[in-house]
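Every number in this text was worked out from the coordinates using simple rules, so none of it is lab data. Keep in mind the model is a prediction, meaning the values are calculated, not measured. When we count neighbours, we look across all protein chains shown, and the Cβ atoms used for this are built from the backbone with ideal geometry, even at glycine.
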Amino acid sequence: MKKLENKVAIITGGAGSIGKITAKLFLDEGAKVMLVDLTEDALKAAVQELNNDRVKYCLADVTKASEVKNYVDETVKMFGKIDTFFNNAGIEGIVKPILDYPEEIFDEVISINVKGAWLGNKYALPQMNDGGSIIMTSSISGILGSTNLSGYIISKHAVIGIMRATTIEAASRKIRVNTVNPGPVNNRMMRSIEEGEVAGHADEVKRHLENTIPFGRYAEPIEVAKLVLFLASDDSQYITGTTQIIDGGIAVQ
């Protein structure tokens, strides 16, 4: 039997690299999937690429309660239930030291990464099946500190706090709640951060960052997606309240 046979999943940030490849794994394992993102063209392209009649999409700004409630309601209307919620939407902000970090960018990062994650749990949890799974995307930056990414780092620490609070409140219903905490991932977000560190020298920044990782490379989106699949499946039925680090060894240094 497939790992997610007859399961229904919501994936926010569903048009991004990790969201989209996680959706493919979920579909391959038998799930029905609702992709949620901010841009309809990107969602349509993702659905077309996935090419599966068990995937649908819903447009939403995750910082607006009415739109979060709507994507939850639309999922139940479309598929009848919710078993898994991959609360994944997030942005990196910009690369600047705290003294130069624009307040409006900080507010945007906190609104999407923190409020959006909190609203997702707030509205998904009541409609989830008992025994389900919430997986939240934090980061190695939610555990460690570094320079020039204060908005992102603060927001990803906060995601862990939301996870821990939700874990306790959801435990009586045997709903598992965990974070995935990737190190650098080979995707658009890291291209933005690399370019932000030293404009015009992104490749050099990438090589430098890879040299700080014990495994000597970035994670690939599929590797993060496989961890999310494990947490979504019944293979993880006694795992809750954890920060699942996937960083090639960065955190032990």
Given a Förster distance of 35 angstrom, what is the FRET efficiency for Ile222 paired with Ala171, based on the Cβ-Cβ distance and rounded to 0.05?
-> 0.70
Most packed first (mean Cβ within 10 Å per residue), the peptides 209-220, 120-131 order as 120-131, 209-220
What does the charge count near Lys3 come to, summing +1 for each Lys or Arg and -1 for each Asp or Glu among other residues with Cβ under 10 Å from its Cβ?
-> -3
Among (i) 72, 51, 30; (ii) 63, 34, 31; (iii) 48, 38, 36, find the value of Cα extents along the principal axes in Å that was calculated from the structure presented, and write down its label.
-> (iii)
Picking from Met189, Ala23, His157, whose Cα lies most toward the positive end of the charge dipole for the chain (charges on Cβ: Lys, Arg +1; Asp, Glu -1)?
-> Ala23
Give me Val109, Val47 ranked fewest to most by other Cβ atoms within 10 Å of their Cβ, as a rough exposure proxy.
-> Val47, Val109
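Explain nothing, just the number: relative contact order of the stretch 4-135, from Cα pairs under 8 Å at least 6 residues apart, as a whole percent.
Worked out over the stretch 4-135, it gives 27 percent.
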Considering only Leu25, Leu99, Leu231, give the residue with the highest GNM mean-square fluctuation for the chain, with springs between Cα atoms whenever their separation is below 10 Å.
-> Leu99
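Could you tell me the relative contact order of the chain? Use alpha-carbon pairs under 8 Å, at least six residues apart, and round to a whole percent. Before the final figure, lay out the partial values.
Numbers: 501 pairs, mean separation 48.5, N = 253.
It comes to 19 percent, rounded to a whole number.
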Report, in whole Å, the centroid distance computed from the Cα atoms of the stretch 168-205 and the stretch 93-119.
-> 14 Å
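Calculate the dipole size of the stretch 116-207 relative to its Cα centre from +1 charges on Lys and Arg beta carbons and -1 charges on Asp and Glu beta carbons; express the result in debye to the nearest 20.
So the dipole magnitude of the stretch 116-207 works out to roughly 380 debye.
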When the chain is modelled as a GNM with alpha-carbon springs shorter than 10 Å, which of Ile239, Ile135, Ile153 fluctuates the most?
-> Ile239
Using 1/(1 + (r/R0)^6) with R0 = 30 angstrom and r between the beta carbons of Ile105 and Glu49, what's the FRET efficiency to the nearest 0.05?
-> 0.50
Most fluctuating of Thr147, Thr22, Thr84 in the GNM of the chain (C-alpha, under 10 Å) is Thr147
Which residue, chosen from Thr63, Met34, Ile98, occupies the Cα position most advanced towards the positive end of the dipole of the stretch 1-101, where the dipole is computed from +1 (Lys, Arg) and -1 (Asp, Glu) charges on Cβ about the Cα centre?
-> Met34
